[in-house]
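The values are calculated or read from the model by the stated rules, or taken from the named source; none is laboratory data. Remember, predicted model here, so these are calculated numbers, not experimental data. Cβ: placed from backbone, ideal geometry, glycine included. Neighbour counts: every protein chain shown. Only protein heavy atoms, including side chains, enter the accessible area calculation; ligands, DNA and RNA are left aside. Shrake-Rupley method; radii C 1.70, N 1.55, O 1.52, S 1.80 Å.
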Amino acid sequence: VGVKLTGTLPEGTTTTDLVLTVTEMLRKKGVVEKFVEFYGSGLSNLPLADRATIGNMAPEYGATVGFFPIDEETLRYLRNTGRDPRQVELVERYAKSQGLFRTDETPDPQYTETLELDMHTIVPSMAGPKRPQDRIPLLEVKQNFEATFNEAGKAKSAKVELDGQQVELSNGTVVIAAITSCTNTTNPSVMIGAGLLAKNAVERGLTRKP
């Protein structure tokens, strides 16, 4: 299955938004036991870390593997990880000789099935509410939350003792906050973004309950 990527991610979106959209699209298509290759001019705007995030989500979208063709980003990775220049040159010459090297001018490969995604259409999203591969546009989170957790419009609650204090836990109380591995920890920019978000939230007065 080929997935043609075009365009660039709009400002204010992250790789997590992209990978959740890709996963949603591929699960809807059904790619279990299939090989998924990403291609198209959009790859020129997709750095290695973003590709790793998409590839690492293959178990979530159900494919045997999600992979990218050899291109300039591959050679950049080899150089940045200290490979011998002669080895990098050999990889480039071999891939080009075999017709395996991708550029924006490369004709589209032939696949059994194809899908297309314009990355400029990606919007800020959240994973969930129950599975990490699910996606909710940020603008719909409140409505989705209320529909998912409220029973007949009434929120459930429970009183517990924490650190010697009586505390009421209700729907929406965050007990454990975690950064999921498949969508985030493969990508340094997203991890830094999460850290800056937490830092700024504390500086603006956000505190935790017991």
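Tabulated data
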quantity	calculated
Hydrodynamic radius of the stretch 93-210 per Kirkwood, over alpha carbon pairs, in Å	19.4
DSSP bridge orientation in the chain - percent antiparallel, rounded to nearest 5	45
Theoretical gain in end-to-end length, residue 48 to residue 131 [0.36 nm per residue, Cα-Cα removed]	27.3 nm
Taking the chain and dividing mean pair separation by its residue count, relative contact order in percent (alpha carbons under 8 Å, at least six apart)	27
Simple spin-label estimate for residue 197 and residue 11 in nanometres, 7 Å along Cα-Cβ	2.0
Residues with amide H under 5 Å from that of residue 70, placed H, sequence gap 5 or more	102
Local net charge near residue 26, Cβ-Cβ under 14 Å (Lys/Arg +1, Asp/Glu -1)	-1
Where only alpha carbons of the stretch 37-92 are counted, the Rg and the Dmax (Å)	12.7, 38
Local net charge near residue 161, Cβ-Cβ under 15 Å (Lys/Arg +1, Asp/Glu -1)	0
Neighbourhood net charge (15 Å Cβ-Cβ; Lys/Arg +1, Asp/Glu -1) for residue 83	-1
Mean accessible surface per residue for the chain, computed with a 1.4 Å probe while every protein chain stays in place, in Å²	65
Overall Cα dimensions of the stretch 59-153 - principal axes, largest extent first, Å	67, 33, 27
³J(HN,Hα) computed for each position of the stretch 101-117 - Karplus, 6.51 cos²θ - 1.76 cosθ + 1.60, integer Hz, glycine/proline x	8, 8, 9, 5, 8, 5, x, 4, x, 9, 10, 5, 9, 9, 10, 10, 9
Nitroxide proxy distance, nm - points 7 Å out along Cα→Cβ at residue 204 and residue 171	2.6
Amide H contacts under 5 Å for residue 114, placed H, 5+ residues apart	2
